[in-house]
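Asks: First the structure, which I've put down as structure tokens, then a few questions once you've had a look.
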Amino acid sequence: MFTPSSYKETDLSQLQQQIEQTRLAVLVTHGEQGLQASHLPLLLDRSKGSNGTLYGHFARANRQWQELADGAEALVVFAGPDAYVSAGYYPSKLEDPRTVPTWNYQVVHAWGQAEVFHDAERLLDIVRRLSDHHEQRQAKPWSVDDAPSDYMAGMLKAIVGFALPIDRLQGTRKLSQNRSAVDIEGVRSALANSSDPMDNQLATLMRQP
């Protein structure tokens, strides 16, 4: 990922926070089947490895898991909020029209080689942790224990789990850092007042150090 130095995010805790806040990641591999990408919810365990370890599962019918089992390196993309930045957002444009639109965004790329597993106990643990994490916002959270055990056993046979220690992380945090303070505030204000919720999220990010 091309990242100018002014946009690089190198703080590990910030990179891990972005991973944890991304609800659906994109896992990319390249092997005998060519380039493949799957959209997956993942969990991060910060305590495992120098950069943390990612956990998730594939549908068994998704043959991409075989690439991981064969040792293929994976690239996992965690995209945060993004927003179109009109040149009209810059107050400086009134004095100097030499400016163009751009795009602000936040993203983290993670690389690693995964361990693939099939045993029911580990698969159930992944499914439980994922569902507990995403169900916590529900008024009546669902639990794997709500489903009949024989039904869950059958469902677990239809998935393949993996643990992916993160070997390398790269983060980009492009939030108009190359502009003057006045222009940065112009962008932030325009996005904060937008009717688009993602624009609003990006504006909030621009307030953070």
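The values are calculated or read from the model by the stated rules, or taken from the named source; none is laboratory data. Since the model is a prediction, treat every value here as computed from it, not as a measurement. Please note: Cβ atoms are built from the backbone with ideal geometry, for glycine as well, and neighbour counts cover all protein chains shown. The protein model used for the area step is the full one, side chains on, heavy atoms only, and it has no ligands, DNA or RNA in it. Shrake-Rupley method; radii C 1.70, N 1.55, O 1.52, S 1.80 Å.
Asks: Using all C-alpha to C-alpha distances in segment 51-209, build P(r) with 10 Å bins and read off the rounded percent in each one.
Replies: 9, 26, 23, 21, 15, 6, 1, 0
Asks: Evaluate the charge dipole of the chain about its Cα centre and quote only its size in Debye, nearest 20, assuming +1 on the Cβ of each Lys and Arg and -1 on the Cβ of each Asp and Glu.
Replies: 420
Asks: For the chain, which whole percent of the accessible surface, found with a 1.4 angstrom probe, sits on carbon and sulfur atoms?
Replies: 52
Asks: Let me ask another. Assign one of three labels to segment 67-140, namely rounded, prolate or oblate, based on the Cα gyration tensor with a ≥ b ≥ c the square roots of its eigenvalues; rounded applies when a/c is under 1.5, prolate when it is not and a/b is larger than b/c, and oblate otherwise.
Replies: oblate
Asks: Go through 149, 85, 56 and say which Cα lies farthest out towards the positive end of the charge dipole of the chain; charges sit on Cβ, +1 for Lys and Arg, -1 for Asp and Glu.
Replies: 85
Asks: For segment 22-111, what class follows from the C-alpha gyration tensor (a ≥ b ≥ c being the square roots of its eigenvalues): rounded when a/c is under 1.5, otherwise prolate if a/b is larger than b/c, else oblate?
Replies: Here segment 22-111 falls in the prolate category.
Asks: If 93, 140 are ordered by their accessible area, calculated over protein heavy atoms with a 1.4 Å probe, which sequence runs from highest to lowest?
Replies: The residues order as 140, 93, largest area first.
Asks: Taking the 0 to 90 degree range and rounding to the nearest ten, how far is the long axis of helix 120-135 tilted relative to the main principal axis of the chain, both from C-alpha atoms?
Replies: Its long axis makes an angle of about 40 degrees.
Asks: Using only Cα atoms, locate the centre of segment 42-77 and the centre of segment 118-160, then give the distance between them in Å, rounded to an integer.
Replies: If you average the Cα positions of each part, the centres end up 18 Å apart.
Asks: Would you mind working out the accessible area per residue for the chain, using a 1.4 Å probe, and quoting it in Å²?
Replies: Heavy-atom SASA per residue in the chain reads 56 Å².
Asks: Multiply the residue gap between residue 10 and residue 146 by 0.36 nm, knock off their C-alpha separation, and tell me the result in nm, one decimal place.
Replies: Length difference between fully extended and current span is 44.8 nm.
Asks: Divide by every residue of the chain the summed helix terms, -39500 (n - 2.57) for each DSSP H run of at least 4, and state the resulting mean residue ellipticity at 222 nm, rounded to the nearest 500 deg cm²/dmol.
Replies: Dividing the helical sum by the residues of the chain leaves -9000 deg cm²/dmol.
Asks: Test of the criteria: in segment 1-55, which trypsin sites (Lys or Arg not before Pro) are in a DSSP loop and have at most 11 other Cβ atoms within 10 angstrom of their Cβ?
Replies: The qualifying sites are 23.
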